[in-house]
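To start, the structure under review is shown below, and the notes come after it.
The values are calculated or read from the model by the stated rules, or taken from the named source; none is laboratory data. Note that the coordinates shown come from a computational prediction; the quantities given were computed from them, not determined experimentally. For neighbour counting, all protein chains shown are included, and Cβ atoms are generated from backbone atoms with ideal geometry for every residue, glycine included. Side chains included, ligands, DNA and RNA excluded: accessible areas come from the protein's heavy atoms. Shrake-Rupley method; radii C 1.70, N 1.55, O 1.52, S 1.80 Å.
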Amino acid sequence: MAVCIGVIAKENYPLYIRCAPNVENEVNFHFTVHTSLDVIEEKVASLGKSTSISTTDLREFYLGQLYPSEDYRIYGYVTNTKVKFVIVVEAANTQLRDNEVRSMFRRLHNAYTDVICNPFHVPGDKIKSKSFDSVASSMIVPERKKENPLVI
Amino acid sequence: MSIVDFSAAPHHHAEILICIQVAGNLQAQQLENALSKIRKHTRLTIADAGRVVYFRFQVDASPENSKWGIFQPHRKSMGFIMLAGCSTAMDVALMHQKFQKNKEVFAEYIFDSRCFVFGIDNAMLQQNKAEVYQYSDVEAWKTCDRDIKDFLTSVFYVLESKRVHIASDKSDRPPLLTAPFEANQSSNSDSDSRSFRKKTFGRWKKHLADISLLAGLYLEALQNYRIAIDALGFVNDQVWLGCALEGLCVVSAIVLYPQGTEIPQISFEKHEDVQKQTLDPKNLLSWNLTGAPSTMELSKFCVNGTEDFIEKYKDGVICYTRCQDMAVVEVEACIKATKVLSTLRKPLKAAEFIQNAIYIGLNITHAERITKYDCMANLYTKINFHRKSSFYKRIAAMQCVAPNLEQPDWFGCNLLLQGTLLGSKLDLTNDRGVPDDSLTPYYGWPQIQLRILHELIFASRRIGDNQMANRYTVYLLMKMNKHLTDAEIKEYCLSLETSANKISQEKETELLQLQDGTILPSLHLYTLPIVSSVSPQRLAEHLRPYKLNSSKISTSVFLFSPFSQQTDDTTHNIDFQWTVNTLSETCLKITNPLSVHNLRLTGLKLICEMKSTEEKVGKLFECHSVAVDVPAQASIDVSLVVVPYTHGCIHITGYEFVLFGIKSRCLFSLMPWLKVNEFEIEVAPELPLLQKTPSSSKENLEVDLYPGEKKTVEVQLSNLSDITIDTINVTSTVTMPTVMTSFLSTRSRPRLDDSTFGFKCRDINLPLLPRQRDVLVVELIAKFENYEDSNVITNQPDARYEGHVKLRYTGIEGRNINWCREEKFVVSASLHPGLFVEKLEVLPSNKQGQCWVSITLINFSQQSVVISSKRDGNIENEASEQIVDRDEQVQLQFHIPALNIKSSKASLEKYKSWNVAPSSECVNNLQTQLSELLDLKWKIPESQRSGTIDLSTCSLSRDSVVNLIKPPLLWEVFFNDGDVTETGHCDVVISEPYTLTVKITNKSDCCIPSLDADLELFQDQLNGFREWNMEDCLLCLSSQSQNFQQVEPGSVVEFECILVFLLAGVYHVRLHRAPSNLCDVGHVMRTSSGNEQCENFHNFSPKLIVSARVR
């Protein structure tokens, strides 16, 4: 389960950022996602270089883990139109496998495609779709309920 | 080792460290000079040994680090220099003591030491001690180069001897080399085991490699590292293996990627200076007589390409990670690796190393932590990870002012925060932008940018740099107002306004400089407020200049050319002109993008350039400034005034204003949404100003008229300017409201201006001097209309017409270059229904050269009208005066002489041709003649109005036109010398000869080339039958037909024959013109089709009815 999901436009401005409901400092996730762009750009550039022209169609969208940090793991995904998805996972969450992250990205990509297919959506605008929001929030860690103190 | 060298670089491995200490009262400048003198000697060529060695000088190098000399010899200070400032001999002695004492700290590491004492140059005080040098001044230290070189050479030789010693040491059981933290562990290991010996061997080889590297022997270093790696890898001696791997990687980097190691001097082909020197063959240290090994040789032992380099370096770092005490070495290794990889353009790999370095737990002080983050940020910058860099700069900045600090370092915080601008894409130098448009998204990360700008503003205010804080605030308002809350906007605007008030009292705002040296150009507020449209305005109508001769000279011979479209669109040429000394306006639409705060702009005015055509000193134009308040989220239109002082071309290139104390000059060329770079407007020379007085247009300029009436209107004109008017050109046109068209005949509609109304303006006395007046007299004549349409509505209200009078006037200067001004006014006239000509007909008369004119008039006016005509001998009519009551009609009949066609030769030629009807010009001419001849006048006695009845605009049928024209041939008929032209009748006696003479006069203006006359004789039996066979009835004693050639205008030809009537009866005698040559004569115009032609002709033939009787 992710703690933060970000969608970033081709021009590297945020289209959608959603954090887990219990995080205290949301701007920190903004920084995390923002700084991951450096790695994404570099990875995309090196992908473009390494893959030959014939294999451009088969290009892998999934960029894998972008960089480790003490508390989080950050995964990246780039669509054909250079829209980037970033998923931040807590480092403590070791159960999550690479395949699961991939499938999360795929679901996000599908949801994003649905948003773009909406004729009233202006490409480049912030994503305000409820269905996208529900897809994203389904991947986010639900709020941890505070345990009630025992009543004696 | 606790102190991390965040400036660690791979080439440090190849440099001998020299520690410099400063003591005494040496001035900063002197110290700087001395240090720079010493630091020149980083590269030393040892000619004897054929080596090039490198030195690194570090002020106050930690002796702690030197403890690691066994592990990594480049960390050890091998030389010690003390720079001391002294003023007294006592000081010198103290310094010497200090030198000895400090040297002691390094004693076990250093090979040689020096003390340079500055400030005393007394030979007497010269303490004759080794290693101590005294100079009066740093500048006086002439032997500096030699002193340092000697010192360095001495250090080198000690090192070299150690190297030779280790290399040649064949002792069976060398002691185990240990890193400081291993000192305790080594004792309890088995010193006899094979692995221990292998370990010892490996470590010694590694140590030898390190020293060889320092001594400039790269090949040996590489070889020994290789051996060490093999040996240490075998015994799994992690720490030393890591160090050997790092060593190998570093040497490889120096050899293979010299560009990445920041010491371009280490280049192996360029050791020419070494090779050139004759080497002493006896010198044992002379390592290679043929010179240094080539890069080729070296690269054999280097790592195998970049991938291998990364792999090996990574392995090395992994080895370090296994030992907690190696944290510092690990961090430094990571930094060094990053530096190499950044030049190899492997940013992802480099990022991994940095990432690793960040998470290495170091036991460091707060200040060091800040340095660490700053260092990491700088490393990220090196690999173009600007976002990461900015992130760590910000962390470092936040550390500077961490809440637990007693003395937060706001200066440092501010400096570090400024470093985040690039990574967060905040370009303070950019003052442009595009107007707020929902279609163009904000290209940036607003949450992060806002946070950083807020922090920057706060930090700047804390350190008292209000100008910078204002700059950030303006940037926020200008570029990011969409993302600010209303309260924030309000707060920022107020803070800017208060500081603007302070600044205005102080000096001019100076250029701002970021702490990294970037000078911020002065800010121009292009998008706060936004000017969304600019349109220069035409002058008011009466001030506008016009070309005197409006004949347009086209620059191209083509009506349309695609090439003319290719002119520079960015210069917006304007099709109107301004005038010298006239206030000219330009309208700006100004929008305030802020949601709450009113923007108060002061000194808002245009920026213009003027290219004058004449040499003129002083001001060419003046821009008037205004102050405006632009309400929040509103647009206002502001008119900015410019007054040109000379004629030529004025270019409007931008506008300027002051807001929040910031003076902005905004150029249209930098505002892409305007699509115009500048406006170019022609400025006409100063022109006089003429105005109708009083200027209210309604005054006295209304008249009412009946058709045929004439009235005059006086208009007072005054010259309001200081220029003499010497040319006035008056033109007038008449328009009619469309509603009224049905009142008039359809025919007259297209000819309104000349047929319905006549305008005549009498000239004004020129020149009209300044401040003088004159009167313009306008004459209005309502022309007469033919009343043709049966369905006209007679009870229509009065028709109103407007006569537009246009005065084009100018002074001498304007006339010389063809400029003038226009003054227009309207004279409105209402036309009452009056007399109308219902029918105008011309009927033939039985007299030659005469005709009947019949005019039917209807009186549509509300009063009775008296009609009078001219009394003249030529005209016959019933009465000279006739009264027509309202809605009645009257028919007037006049018997008048037929009229000549007065027209040019050319039009005469025209109407001679068969099919062409008489031209309208001819008809008009005839109608005018008719009007003048009849001179009909009307009078309304009740209202004392009178006028003329003008027939020239009435329509005439073709028959009428024919009847009106005087026939070209005039004839006289004589019968036996008796003139019978008038009567056309005579009596004769049978069997007697009678002479018939017809005199034909050519009255036309042209020569008749051939005239055939044919005599016709017949009897009309009055039953529709004519008896043409006259053989038994009469005799004709001469030819019945005759031909006349070339009948000149005015000449007379005679047709003569003798007739003898044989039987009594009534005979018709007619002279007939052969139809064959009709086309040659003027009569042609009377006919257009076959039958009619003959009839017309016969009507006009000379004829005679002869009654013959028996005697």
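Filter the stretch B:616-673 down to the residues that are part of a helix (DSSP H, G or I) and farther than 30 Å from B:N501 by Cβ and list them by number.
Of the stretch B:616-673, the ones part of a helix (DSSP H, G or I) are B:668-670, B:672-673.
Those that are part of a helix (DSSP H, G or I) and farther than 30 Å from B:N501 by Cβ: B:F668, B:S669, B:P672, B:W673.
Within the stretch B:205-231, the set of residues being closer than 21 Å to B:C319 by Cβ and touching an Asp or Glu at 6+ places or on another chain (Cβ under 8 Å) comprises B:L208, B:A209, B:A221.
If I ask for residues that are polar (S, T, N, Q) and over 22 Å from B:D150 (Cα atoms), which ones from the stretch B:48-87 would you list? Reasoning before the result, please.
Step one: of the stretch B:48-87, the residues polar (S, T, N, Q) are B:58, B:62, B:65-66, B:72, B:77, B:87.
Passing the criteria: B:S62, B:N65, B:S66, B:Q72, B:S87.
Contact map, the stretch A:113-124: first residue within 14 Å of A:T79 (Cα to Cα), second residue open to solvent by 70 Å² or more (accessible area, probe 1.4 Å), Cβ cut-off under 7 Å, separation 6 or more or different chains; pairs are A:I116/A:P123. If the condition is being of a type in the set (S, T, N, Q), without any contact (Cβ under 8 Å) to a residue 24 or more places away in the chain and either more than 16 Å from B:I463 (Cβ to Cβ) or in a helix (DSSP H, G or I) (or both), then the stretch B:382-417 contributes only B:N404. Evaluate the stretch B:819-830: report whether one residue or more is in a loop (DSSP other than H, G, I, E, B), of a type in the set (A, V, I, L, M, F, W, C) and either open to solvent by 20 Å² or more (accessible area, probe 1.4 Å) or within 20 Å of B:N900 (Cβ to Cβ) (or both). Checked the stretch B:819-830: no residue is in a loop (DSSP other than H, G, I, E, B), of a type in the set (A, V, I, L, M, F, W, C) and either open to solvent by 20 Å² or more (accessible area, probe 1.4 Å) or within 20 Å of B:N900 (Cβ to Cβ) (or both).
In the stretch B:977-1043, counting only strands (runs of 3 or more DSSP E) that sit wholly within it, the ones holding 1 or more residues that are among the hydroxyl-bearing types (S, T, Y) and either within 17 Å of B:F1061 (Cβ to Cβ) or modelled with pLDDT of 80 or more (or both) span B:993-1002. Selection over the stretch A:9-40 of residues that are within 9 Å of another protein chain (Cβ to nearest Cβ) and in contact with a Leu (Cβ under 8 Å, 6 or more places away or on another chain) gives a count of 4. One residue alone among A:Y77, A:Y72, A:Y67 is of a type in the set (F, W, Y) and either open to solvent by 70 Å² or more (accessible area, probe 1.4 Å) or touching a residue at least 40 places away in the same chain (Cβ under 8 Å) (or both), and that residue is A:Y72.
Which of the residues spanning the stretch B:14-36 are under 60 Å from the mean Cα position of the chain (by Cα) and either within 23 Å of B:H207 (Cα to Cα) or free of Cβ contacts under 8 Å to residues at least 40 places away in the same chain (or both)? Result: B:A28, B:Q29, B:E32, B:S36. Applying the condition of being assigned to a loop (DSSP other than H, G, I, E, B) and free of Cβ contacts under 8 Å to residues at least 60 places away in the same chain to the stretch A:126-142 and asking which residue is farthest from the other protein chains (Cβ to nearest Cβ) yields A:S129. Being part of a helix (DSSP H, G or I) and open to solvent by less than 10 Å² (accessible area, probe 1.4 Å) is a condition met by no residue of the stretch B:164-187. Number of residues in the stretch B:509-527 that are at pLDDT below 75, in contact with a helix residue (DSSP H, G or I) (Cβ under 7 Å, 6 or more places away or on another chain) and not in a strand (DSSP E or B): the value is 4. With respect to the conditions (1) assigned to a helix (DSSP H, G or I); (2) open to solvent by 10 Å² or more (accessible area, probe 1.4 Å), B:V331 falls short on a single one, namely (2).
Just so you know, in the stretch B:446-481 the residues that are in a loop (DSSP other than H, G, I, E, B) and either closer than 22 Å to B:N592 by Cα or at pLDDT 85 or above (or both) include one that is farthest from the other protein chains (Cβ to nearest Cβ), and it is B:I463. Look through the stretch B:353-380, keep the residues that are in contact (Cβ under 8 Å) with a residue 12 or more places away in the chain, surrounded by fewer than 24 Cβ atoms within 10 Å (Cβ to Cβ) and within 12 Å of chain A (Cβ to nearest Cβ), and return whichever of them is farthest from the chain's Cα centre (by Cα). Top of the filtered list is B:G361. Taken over the stretch B:1020-1058, residues that are closer than 20 Å to B:L1104 by Cβ and among the polar types (S, T, N, Q) amount to 7.
A:S54 - would you say it is surrounded by fewer than 22 Cβ atoms within 10 Å (Cβ to Cβ) and either more than 21 Å from B:K346 (Cβ to Cβ) or modelled with pLDDT of 85 or more (or both)? Before you say what the answer is, go through the steps one by one.
Values: surrounded by fewer than 22 Cβ atoms within 10 Å (Cβ to Cβ): yes; either more than 21 Å from B:K346 (Cβ to Cβ) or modelled with pLDDT of 85 or more (or both): yes.
Yes.
Restricting attention to the stretch B:897-949, the residues that are assigned to a loop (DSSP other than H, G, I, E, B), modelled with pLDDT under 75 and more than 20 Å from B:V853 (Cβ to Cβ) add up to 8.
When you check B:D1014 against the structure, is it closer than 27 Å to B:I883 by Cβ and of a type outside the set (V, I, T), yes or no? Steps first, answer last, please.
Values: closer than 27 Å to B:I883 by Cβ: no; of a type outside the set (V, I, T): yes.
Considered against the rule, which asks whether it is closer than 27 Å to B:I883 by Cβ and of a type outside the set (V, I, T), B:D1014 comes out as no.
Going through (1) within 30 Å of A:H121 (Cα to Cα); (2) open to solvent by less than 50 Å² (accessible area, probe 1.4 Å); (3) not basic (K, R) one by one, B:Q447 falls short only on (2).
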